[in-house]
Protein chains: 2
Amino acid sequence: MKQKQYRQTLTPSVFYILLALYNKERHGYEIMKQVEYASDGKIKMGPGTLYGSIKRMLADGLIEEAYERPDPEFDDERRKYYRLTEFGRKQLSMELKRYGNAIKLARLKNLLLGLEL
Amino acid sequence: MKQKQYRQTLTPSVFYILLALYNKERHGYEIMKQVEYASDGKIKMGPGTLYGSIKRMLADGLIEEAYERPDPEFDDERRKYYRLTEFGRKQLSMELKRYGNAIKLARLKNLLLGLEL
DNA sequence: AACAATATATCCGTTTTCGATATATAATAT
DNA sequence: ATATTATATATCGAAAACGGATATATTGTT
């Protein structure tokens, strides 16, 4: 049986949070800073968007909490760490592909437009 | 004075509509079909999203109506044609850049194998 | 003549966004 | 020592956006 897909597109917030978690576990505030850093400061996620999105993503199975704590010397017990699930990794990969195709298409159109003129 | 930016990110719908209008004027239904075609059928935009988005995008100055009608023989008078404004083109360009950077970042970490851009 | 596809549009419940607000701890500066 | 800033999580609620359902009418096809 063909199960129905999760969503047509990820929301931008979900996309950027998944991207921030692609290579390591991070806690909420760290995700916030990483998104800002990775976008050259262009995208600033407020706490409402961040923690609201995290809640939904946990419920949807895109991410899960990682209970392993780092060395207590570098830890802060207020933190909650999150990691991608396999499902979340898959969704991120699909979205990256979609945007990759969109970019390819834009380039192709640019070329064709140049030839037409 | 530094005017505040339009939005942090475009919504996926707005992004795909802008992309569909990147190289030619199109009417609503045509945009709908183009988005579906350009995404290999993966993204299906319903009329609620389409015409709601168009309305907002007109108000925001991302697109404008193109009143020039094509040859009456190939025309359908029900149609309304839209084109990108300079502002819309700029926003699309910025968003493409953001996603391009995100993809580069992901590829750097070997998440995406074999996606050529 | 009947039917499917084209074309635009609105309604409305659901979901998402995002600034404001709250609370508390850790780190830094005065 | 104390004040301030940065870190860290969380909720609230209005506004925005989404998307299926519905409506209406025309065009093209069987």
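The values are calculated or read from the model by the stated rules, or taken from the named source; none is laboratory data. Because the structure is a prediction, the values reported are computed rather than measured. Counting neighbours? That spans all protein chains shown, and the Cβs are built from the backbone with ideal geometry, glycine included. For accessibility, only protein heavy atoms count, side chains too; no ligands or nucleic acids. Shrake-Rupley method; radii C 1.70, N 1.55, O 1.52, S 1.80 Å.
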Completion exercise
Restricted to region B:65-90 and to residues being within 21 Å of the chain's Cα centre (by Cα) and basic (Lys, Arg), the residue farthest from B:Val14 (Cα to Cα) is B:Arg79
Handout entry: Test for B:Glu95: is it within 16 Å of A:Lys109 (Cβ to Cβ), touching a Phe, Trp or Tyr at 6+ places or on another chain (Cβ under 7 Å) and within 10 Å of chain A (Cβ to nearest Cβ)
Key = yes
Practice task
Considering only region A:22-40, state which residues are within 11 Å of chain B (Cβ to nearest Cβ) and away from DNA strand C (no atom under 13 Å from the Cβ).
Solution key: A:Tyr22, A:Asn23, A:Lys24, A:Gln34, A:Tyr37, A:Ala38, A:Asp40
Exercise for the section: May I ask you to say which residue of B:Ile43, B:Ile31 is part of a loop (DSSP other than H, G, I, E, B) and within 19 Å of A:Ile103 (Cα to Cα)? Expected result: B:Ile43
Exercise for the section: For region B:50-68, indicate whether the set of residues that are away from DNA strand C (no atom under 13 Å from the Cβ) and part of a helix (DSSP H, G or I) is non-empty. Expected result: yes
Handout entry: From the options A:Ser53, A:Ser39, residue that is under 22 Å from B:Ile43 (Cβ atoms), open to solvent by less than 70 Å² (accessible area, probe 1.4 Å) and among the small types (Gly, Ala, Ser)
Key = A:Ser53
